[in-house]
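Student: If you scroll down you'll find the structure; I have some questions about it.
The values are calculated or read from the model by the stated rules, or taken from the named source; none is laboratory data. Small disclaimer: the values here were computed from a predicted structure and weren't measured. We place every Cβ from the backbone using ideal geometry, glycine too, and count neighbours over all the protein chains shown. Protein only, heavy atoms only, side chains kept; ligands, DNA and RNA dropped before computing areas. Shrake-Rupley method; radii C 1.70, N 1.55, O 1.52, S 1.80 Å.
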Amino acid sequence: MSLRGRLVMLVFLATLPAILFTLYIANNERNAALQRMEEDARHMVKLVSREHFYQISGAKTLLLWLVDRLNLGEGAEDSAFLAALLAGYPQLANIAVLSPEGNVLNSAHPLPESLNMGNYDAIQRALLSREIETGLYVIGPIVKKPILHLAYAVRNAEEEVQKIIFVAIDLQWFNRLTNIIEFETDYLLFIVDREGRVLAGSAQPDRITVLPGMLIPALSEENRKNKTTIPVVIGQSSQPLVLAEMEGLPGLSVAFGIPYRQIYQKANRVFYRLIGWLSLFTVFTVFLVLLFEEVALIRYLRGLSVAMRQFGKGKAGARAPVPMGQGELQEMARTFNHMAESLTARHKELQLAYDRLDLLTRRLHFAREEEAKRIARDLHDEVGQVLTSLKIDITGFKKICQACSFEKQSKKSFDQTILSVCGKIDASVDFIRRIASDLRPPVLDKVGFAAAVKILAAEIEKDNGPAIEVNTDENCAEGLDWVAATALYRITQEALTNAVRYAGARLITIDISRADGKTLLMIRDDGCGFDMAAIRQEALGIAGMKERAHLVGGTFSIESSPGNGTVVSVAVSHTEDRL
């Protein structure tokens, strides 16, 4: 990653805590808003429950008063009396007295015919209870409109049910009372019975249509157990409702709907606005940082980088521009320039030492070849002649001894000794000649480099079997001094040995030519080849050939790959100053 990219990354990392903090604050604000809404909803549920209880408490008080009148026998069973009472309670749709079997005995509202209400929920609960019981949403069989029953069973001293008195609360009045309470848009309020049927509600008609008697299954008594908030589907969307039992009216619940989606949208708008401003601030900061770093940092670092690349490519005079002032950038530029000057000076010293060492190596090589040539000549001329003379003397001594009289057995032993000594002398002569040839091949001095290579190829071809083809140009070795000729001959020996011994070559081609004042030697074989990368570090033979070519001022190259053979190329100049 570039320095500019790193700086941009640092800016983003610097603003990341602010972004995370903004997200954290926005999330907390959203959760706090929802929590406040839920608390407000619960408070509103309590207020609505209390308000309805105050309105219905009159009906409950009337019910208990009628029980007392019935026990005292003061006309509570008179329909006209009940009708007069009903006129004073606009929230009630009817007042009636039933037998324990559920037959209607008296009713404030005229009965069209005899009627049994024993199967109504409020009546059945009252038969099993000693409290005022609340029923379910029903269409009143007497008044023919939505009502809610409050029933109470009158018992005698033996706890036997004598009569059942009920009042029917008019749900239209109940609904008007609920709609008196004003809410903000998208808030919902329902009063439901234990089955989840709506008794009254307050909602926006243009968004949700809620009618008395509408069933909301999620708000049934079984689902409301141990839950204060229940998600329900009303209209086209899901709406969570906060629930609470109405005070003094078991079986009735108040459900208050909170528009979570609107609250989330409002909180999200604030959140997105903060993120937008933070993004603009981050982009502006990045722009300022990029502008500043381009003016005050990058251009100097770019100059330093260019100088380093040029210096790395061998331009010793490359230097970095030093900015004005004091600081890390100025120190870096000065340090690089000082380092470059020091390295340049050390390089010149090293190059001078290398040149001296190379000259010394060439002189040592020349001296070694001269010494080898002298030792080879001495071995061949002096030691070889001495041994040959010694063999002649021994042969003469043998003839003298043959003229003397010896015993037959002694003469035979003497002849064997003479033959053994002569054999050893011959072996010593061959050994000395072989050493002399290794030190300085005499064939080079006798026939020259090109012919010597042909003789070497013929000997190897005869001993080992691979076909060796030698191609030479006319005067290809003309002007080649004996040191260079010796180096090329040794390189040829090594290359042929490798091709025969390791590559398993069947055909070897040697080309010797002359071009541009140089003798060119190329040796190709069709052997197995080798992996240059795998063998380069441990091929002593290749290193020796390369060193020999270098010592005579030549160039050496080798190319090979598995299965494609090997090509060795050497070029030696005729005008090279060996020393």
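Student: Heads up, I need the accessible area for His43: 1.4 angstrom probe, whole protein in place, Å², nearest 10.
Tutor: 110 Å²
Student: At a 1.4 Å probe radius, carbon and sulfur cover how many percent of the accessible area of region 75-135?
Tutor: 51 percent
Student: Can you list residues whose amide H is under 5 Å from Asp526's amide H, if they're 5+ apart or on another chain and H is modeled 1.01 Å from N?
Tutor: Arg506, Leu507
Student: Using 7 Å Cα-to-Cβ label points, what is the Asn31/Leu278 separation (nm, one decimal)?
Tutor: 1.6 nm
Student: Sequence-distant or interchain residues sharing an amide H contact under 5 Å with Gln91, placed H: which?
Tutor: Under 5 Å from the amide H of Gln91: no residue qualifies.
Student: So, in nm, how far is label Leu215 from label Ala451 when the simple model puts each one 7 Å beyond its Cα toward the Cβ?
Tutor: According to this spin-label approximation, the distance is 12.6 nm.
Student: Let me ask you something else. At a probe radius of 1.4 Å, what is the per-residue accessible area of Glu39, in Å² to the nearest 10?
Tutor: Number for this one is 100 Å².
Student: Please give the net charge around Thr509, taking every other residue with its beta carbon less than 10 angstrom from that of Thr509, where Lys and Arg add +1 and Asp and Glu add -1.
Tutor: Computed value for this residue: -3.
Student: So for the pair Arg302, Ile394, with labels modelled 7 Å out along Cα→Cβ, what separation do we get in nm?
Tutor: Here the answer is 8.9 nm between the modelled labels.
Student: Would you mind working out the accessible area per residue for region 477-568, using a 1.4 Å probe, and quoting it in Å²?
Tutor: Result: 49 Å² per residue.
Student: How high is the FRET efficiency between Leu13 and Glu331 when r is their beta carbon distance and R₀ equals 30 Å, given to the nearest 0.05?
Tutor: Using R0 = 30 Å, I get an efficiency of 0.70.
Student: What would the Debye formula give as log10 I(q)/I(0) at q = 0.20, 0.28, 0.29 Å⁻¹ for the alpha-carbon point model of region 250-289, no solvent?
Tutor: Rounded to two decimals, the profile gives -0.70, -0.88, -0.90.
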